[in-house]
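Q: Pasting in a structure now, in structure tokens, and then I'll have a few things to ask.
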Amino acid sequence: MVETGRSRAPRRDQQRNREALIAAGFEVFAESGINAPLNAIAKRAGVSGATLYRHFSDRHKLIEAVLLVNLIQHEEVISNAMAADTGWDGLMAYVSWLWEEQLKNVGYLSALREIAAGQSPEVDRLRDFITEGFTSLVRRAKSEGRIRADRWAEDLLLLIYLNEQLVILPEEEARAASRRLLELAVASITAEPQMRTDTEPSDVQILRKHLLHRLAGHSQ
């Protein structure tokens, strides 16, 4: 039977609503984390809470849909990094992107941990590709003599997890702390001699103003 325009229209509306909800979920989870109120996502998407639940029966389903958007972007970044002339160049490009992504998207790693292996074949495929790409970049950079022999991919993962704790700070100190951690991360793994300087970086001054003064009980 030939379908009329009248019967097709609701499906187009449903698709638009679903896409709007995923886009809104991406934005809200990026800003506030994966525990952000679902009604805030529905409101930003311009739909009702009932419409949200028709498309996504629970928070977990929406997180999965948003995570796929993140992972597709991530796949492109890691692919470009793997195509770099050297493993070190690719690793630095990738790590720098991921550090910045954590600042812009505070819910990303939480969402990644939320979806267990086996729950979504596409999430599993993308996650495996990204993980294998990351470890291959570390191995390649190590074989080039650019990474210390006693440093491993897991050491960088530890620092990535630490950065996740810093990006929830207020914006100015989050950026300063994250940038400083990235500098320390690179210095901790590189096999090349590091330039030493007594000049205090501006990020250290920002951290003193905020973090150290706060711990000391002083007003900023």
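The values are calculated or read from the model by the stated rules, or taken from the named source; none is laboratory data. Computed from a predicted model, the values in this text were never measured in an experiment. Note that each Cβ is placed from the backbone with ideal geometry, even for glycine, and that neighbours are counted across all protein chains shown.
Q: Looking only at region 130-158, filter to residues that are more than 19 Å from MET82 (Cβ to Cβ) and basic (Lys, Arg); which one of those is farthest from the chain's Cα centre (by Cα)?
A: Among those residues, the one meeting the criterion is ARG148.
Q: Please find, within region 155-187, the residue that is surrounded by the most Cβ atoms within 10 Å (Cβ to Cβ) out of those that are acidic (Asp, Glu) and farther than 15 Å from LEU109 by Cβ.
A: So in region 155-187, the residues acidic (Asp, Glu) come out as 155, 164, 171-173, 183.
Still in the running and farther than 15 Å from LEU109 by Cβ: 155, 171-173, 183.
Working: ASP155: 16, GLU171: 9, GLU172: 11, GLU173: 18, GLU183: 13.
My answer is GLU173.
Q: Okay, moving on. Could you list, in sequence order, all residues of region 42-78 that are among the small types (Gly, Ala, Ser) and in contact with a Leu (Cβ under 6 Å, 6 or more places away or on another chain)? Let's see the steps before the verdict.
A: First, the residues of region 42-78 that are among the small types (Gly, Ala, Ser): 42, 45-46, 48-50, 57, 65.
The answer is ALA42, ALA45.
Q: Filter region 46-62 for residues that are in a helix (DSSP H, G or I) and farther than 20 Å from LYS104 by Cβ and give the result. If you could, list the steps in order and put the result at the bottom.
A: First pass over region 46-62, keeping only residues in a helix (DSSP H, G or I): 49-55, 59-62.
Hits for region 46-62 are GLY49, ALA50, THR51, LEU52, TYR53, ARG54, HIS55, ARG59, HIS60, LYS61.
Q: Is it the case that region 102-109 has a residue that's modelled with pLDDT of 95 or more, of a type in the set (Gly, Ala, Ser) and not assigned by TED's automatic domain parsing to the domain that holds ARG18?
A: Filtering region 102-109 for residues modelled with pLDDT of 95 or more gives none.
Within region 102-109, not a single residue is modelled with pLDDT of 95 or more, of a type in the set (Gly, Ala, Ser) and not assigned by TED's automatic domain parsing to the domain that holds ARG18.
One line per residue, one yes/no per condition, for (1) over 23 Å from ARG18 (Cβ atoms); (2) among the hydroxyl-bearing types (Ser, Thr, Tyr); (3) touching a Cys at 6+ places or on another chain (Cβ under 6 Å):
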residue	(1), (2), (3)
ALA40	no, no, no
THR51	no, yes, no
HIS74	no, no, no
SER79	yes, yes, no
LEU91	yes, no, no
ALA117	yes, no, no
SER136	yes, yes, no
ARG151	yes, no, no
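Q: Out of ARG18, ARG113, I need the residue that is touching a His at 6+ places or on another chain (Cβ under 8 Å) and either within 24 Å of LEU162 (Cα to Cα) or crowded, with 16+ Cβ neighbours inside 10 Å (or both). Which one? So that I can check it myself, show each step before the final result.
A: Details: ARG113 fails: touching a His at 6+ places or on another chain (Cβ under 8 Å).
Of ARG18, ARG113, the one residue that is touching a His at 6+ places or on another chain (Cβ under 8 Å) and either within 24 Å of LEU162 (Cα to Cα) or crowded, with 16+ Cβ neighbours inside 10 Å (or both) is ARG18.
Q: Of the residues ARG139, ARG127, ARG113, ARG175, which is of a type in the set (Lys, Arg) and either over 30 Å from HIS60 (Cα atoms) or part of a loop (DSSP other than H, G, I, E, B) (or both)? Full working, then the answer.
A: Details: ARG127 fails: either over 30 Å from HIS60 (Cα atoms) or part of a loop (DSSP other than H, G, I, E, B) (or both); ARG113 fails: either over 30 Å from HIS60 (Cα atoms) or part of a loop (DSSP other than H, G, I, E, B) (or both); ARG175 fails: either over 30 Å from HIS60 (Cα atoms) or part of a loop (DSSP other than H, G, I, E, B) (or both).
The conditions single out ARG139.
Q: Exactly one condition in (1) without any contact (Cβ under 8 Å) to a residue 12 or more places away in the chain; (2) within 25 Å of GLN119 (Cα to Cα); (3) outside any helix (DSSP H, G or I) is not met by ILE34; state its number.
A: (1)
Q: Given the conditions (1) buried (at least 18 other Cβ atoms within 10 Å of the Cβ); (2) without any contact (Cβ under 8 Å) to a residue 24 or more places away in the chain, and given that LEU91 satisfies all but one, which numbered condition is not satisfied?
A: (2)
Q: Another question about this same structure. Looking at the structure I just gave you, is ALA149 among the hydrophobic types (A, V, I, L, M, F, W, C), in a loop (DSSP other than H, G, I, E, B), on the phi < 0 side of the Ramachandran plot and surrounded by fewer than 18 Cβ atoms within 10 Å (Cβ to Cβ)?
A: Values: among the hydrophobic types (A, V, I, L, M, F, W, C): yes; in a loop (DSSP other than H, G, I, E, B): yes; on the phi < 0 side of the Ramachandran plot: yes; surrounded by fewer than 18 Cβ atoms within 10 Å (Cβ to Cβ): yes.
Here the answer is yes, as ALA149 does meet what is asked.
Q: Exactly one condition in (1) modelled with pLDDT of 95 or more; (2) in a loop (DSSP other than H, G, I, E, B) is false for ALA24; which is it?
A: (2)
Q: I'd like the full set of residues that are crowded, with 16+ Cβ neighbours inside 10 Å, of a type outside the set (Val, Ile, Thr) and in contact (Cβ under 8 Å) with a residue 24 or more places away in the chain, limited to region 74-88.
A: Taking region 74-88 and keeping what is crowded, with 16+ Cβ neighbours inside 10 Å, we get 74-75, 77-78, 81-82, 84, 87-88.
Then keep just the ones that are of a type outside the set (Val, Ile, Thr); that gives 74-75, 81-82, 84, 87-88.
Answer for region 74-88, where residues must be crowded, with 16+ Cβ neighbours inside 10 Å, of a type outside the set (Val, Ile, Thr) and in contact (Cβ under 8 Å) with a residue 24 or more places away in the chain: HIS74, GLU75, ALA81, MET82, GLY87, TRP88.
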